[in-house]
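Peer 1: Have a look at this one before I ask anything.
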Amino acid sequence: MGQALQLRAATPEDMEWIHELRHRVYAEELGQHAPDPTGRLRDGLDGANVYLVAARGAARVGFVSLTPPWVGRYGLDKYLTRAELPLLDEDDPFEVRILTVEPRRRATAAAPLLMWAALRWIAARGGRRVVAMGRSDLLPMYRAAGLRPVGRTVSCGAVTFEVLTGEVVELTRRARERHGKTLRRLSAAVDWRLDVPFAPRADGCEHGGASFTAIGTGFRTLHRRREVVAADVLDAWFPPAPGVRAVLAEDPEWAARTSPPTGAEGLLAEIAAVRALPVEGLAVGAGSSDLIFRAFGRWLTPDSRVLLVDPGYGEYAHVTERVIGCRVDRFRLRRAEGWRIDPARLSAKVADGRYDLVVVVNPNNPTGRHAPAAGLRAVIAGAPERTRWWIDEAYLGYVGLTESLADLAATDPRVTVCASLSKMYALSGVRAAYLVAEPRTAAELRRWTPPWPVSLPAQLAAVAALRDPAYYADRWRRTHVLRRELAAELAGLDPALLVEESVANFLNVTLPADGASSAARLVAECRRQDVYLRDLSPLSPRYEGRTVRIAVRDAAENARIVAACGAALEALSPAAAAVR
């Protein structure tokens, strides 16, 4: 049996072959470019492009070129201006270029696998849209794959091309529908060396919490919870308040077998009293995701237009784009501006009233930045009446509950505030959250809420937690101290690392742009030591595949995080790679 087809990122040694194959195909075979005396065809983007290579042993078979949006320029810029092709300035597209296979290998699976590898690599970097130049004579093939012409044709030498575009989700779906059996068969046979899984999750959403797979989702190896550092989810590092632990321990058999109050009346009354809110403006759920799915499913249709902050919590893109099928635009944050929401720019973005819903996570996950309440109030006040606002305040306690927009939500029918009790109150396991809305909006959502939406243990725990604000205020203060210490230790590992603290219980670490590694490889290396971090790359191309989010843990686990990151950086260094 021959060697398996290998899919990998190109090495410096591959580039000479890439230039030579490119010349043979595009200069000698197709006449797209004039022959070069060197027999090599180079590209102005070679230093910035990403090349994926297919090979069998030492024999290289084919390659595909990718131009990420953070390069700042595309191959298409040689042929069309941005005014002629405005999509290059929208949605952070990835350009897929020059899929090329050795002539004698064109009847093999190399080309489809290279395209699949390109889609998986792009998705792993948060890509949502691709652009490409496709030969006009092959247009039916491109259409069948899910690409569509944008109405622009360009000529290069003897070849005419159509400019094509497609959504990564749709292209992936088409590939799985048309070639699902082949892909499943090849997944076990291909030597896959890319830093992204061969196949996406079944639901298409990259949730956090991979650490539980190490503990064991079958719950037969729960002792592993003491060995695994779960810094990939933003669960609290501290235990729930003493009153919570007491009420759950008092009679666990009764709490497990007894049906809770049908409408969580006691929990609603406690929230209303503690937050000084009208009880008729509240609705509860088993975590914020429950409320998101329930509310958005009632409010939105595939005809709805939604604005999401980018980067932002991935569940919102999943629900609006993939579950409901809305038209989704992004309000793009900028690292150079400290990831802050510019109120003036946001006001201008929503001014024409095109959006049915605007989602703002504040403080933002994953950037960790907080937008002052006064600025958001002003933006909402000036926004069109038809636009609904969803403000997610899951981590607001770390800033201060006086920054909440809950009072506005209780009176303004355009505004809903979602507040999780899971992360702030160390109740992620029992799941509890509430939303605040104008009473008619809240009543409509309660009407579509099934009975017993929150379990009895969760109701008992949430009420007890809300009755001990002093305990949690102390734990939140301690979180800030632990986060600063963790940030300092991580920054000391390598001066080239960018460590960005948040206002909440996490921080972000970005690898240098000129490094050979990626966030995915850093995460994989840390897992070897049972330390789990979150690769932020799938959430947004703004992270360029280089940023991880790290949840704050206690002092001992933070020390393990620092040690694991240090070992991973050493293992991924160019010197270590050269030895391997």
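Peer 1: Could you work out, for the chain, what percent of all Cα-Cα pairs fall into each 10 Å distance bin, beginning at 0 Å and stopping at the bin that holds the largest distance?
Peer 2: So the P(r) values, bin by bin, are 3, 16, 25, 25, 18, 9, 4, 1, 0.
Peer 1: How many angstrom separate the Cα center of segment 137-155 from the Cα center of segment 496-525?
Peer 2: 38
Peer 1: Could you tell me the center-to-center distance, by alpha carbons, between segment 1-67 and segment 391-407 in angstrom?
Peer 2: Using only Cα atoms, the two centres lie 52 Å from each other.
Peer 1: Could you work out how much longer the chain between Phe219 and Ala567 gets when fully extended? Use 0.36 nm per residue separation minus the Cα distance between them, nm to one decimal. Kindly include the intermediate steps, with their values, before the conclusion.
Peer 2: Details: separation 348, 0.36 × 348 = 125.28 nm, distance 2.98 nm.
122.3 nm is the gain from fully extending Phe219 to Ala567.
Peer 1: Next question. Where nothing but the Cβ of Lys and Arg (+1) and of Asp and Glu (-1) is charged, how large is the charge dipole of the chain around its Cα centre, in debye to the nearest 20? Each step should come with its number before you reach the end.
Peer 2: Details: 77 positive and 68 negative charges, 256 e Å.
For the chain, the charge dipole is close to 1220 debye.
Peer 1: Given a 1.4 Å probe, how much area per residue of segment 347-450 is accessible, in Å²? Kindly include the intermediate steps, with their values, before the conclusion.
Peer 2: Numbers: 3560 Å² over 104 residues.
Here the residues of segment 347-450 average 34 Å² of exposed surface.
Peer 1: Using only Cα atoms, locate the centre of segment 353-376 and the centre of segment 262-295, then give the distance between them in Å, rounded to an integer.
Peer 2: Result: 21 Å between the Cα centres.
Peer 1: Here's another thing I want to ask about it. Could you tell me what percent of the accessible area of segment 284-435 is made up of carbon and sulfur, with a 1.4 Å probe and every protein chain present? Could the numbers behind the result be given before it?
Peer 2: Details: 2580 of 5090 Å².
Summing carbon and sulfur atoms, their accessible area is 51 percent of the total for segment 284-435.
Peer 1: Divide by every residue of the chain the summed helix terms, -39500 (n - 2.57) for each DSSP H run of at least 4, and state the resulting mean residue ellipticity at 222 nm, rounded to the nearest 500 deg cm²/dmol. It would help to have the intermediate numbers written out before the result.
Peer 2: Details: 19 runs with 197 residues, N = 580.
When only DSSP H runs of four or more count, the value is -10000 deg cm²/dmol.
Peer 1: Among Thr387, Thr108, Tyr471, whose Cα lies farthest out toward the positive end of the dipole of the chain, if unit charges sit on the beta carbon of Lys, Arg (+1) and Asp, Glu (-1)?
Peer 2: About the Cα centre, the residue reaching furthest to the positive side is Thr108.
Peer 1: Once you list every other residue whose beta carbon is under 11 Å from the beta carbon of Ser288, what net charge do they have if Lys and Arg are +1 and Asp and Glu are -1?
Peer 2: Values: positive: Arg294, Lys423, Arg431; negative: Asp290, Glu315, Asp392, Glu393.
For residues surrounding Ser288, the net value is -1.
Peer 1: Efficiency by 1/(1 + (r/R0)^6): what FRET value for Thr108 and Arg484, r their Cβ-Cβ distance, R0 = 41 Å, to the nearest 0.05?
Peer 2: Details: r = 55 Å, r/R0 = 1.33.
Efficiency at R0 = 41 Å is approximately 0.15.
Peer 1: Next question, about the same structure. With the cut-off at 1.5 for a/c, could you classify segment 1-139 from its C-alpha gyration tensor as rounded, prolate or oblate?
Peer 2: Note, shape of segment 1-139 comes out oblate.
The values are calculated or read from the model by the stated rules, or taken from the named source; none is laboratory data. For clarity, every value in this text was computed on a predicted model and none was experimentally measured. With ideal geometry, Cβ positions are generated from the backbone for all residues, glycine too; neighbour counts draw on all protein chains shown. Surface areas here come from the heavy atoms of the whole protein model, side chains and all, with no ligands, DNA or RNA. Shrake-Rupley method; radii C 1.70, N 1.55, O 1.52, S 1.80 Å.
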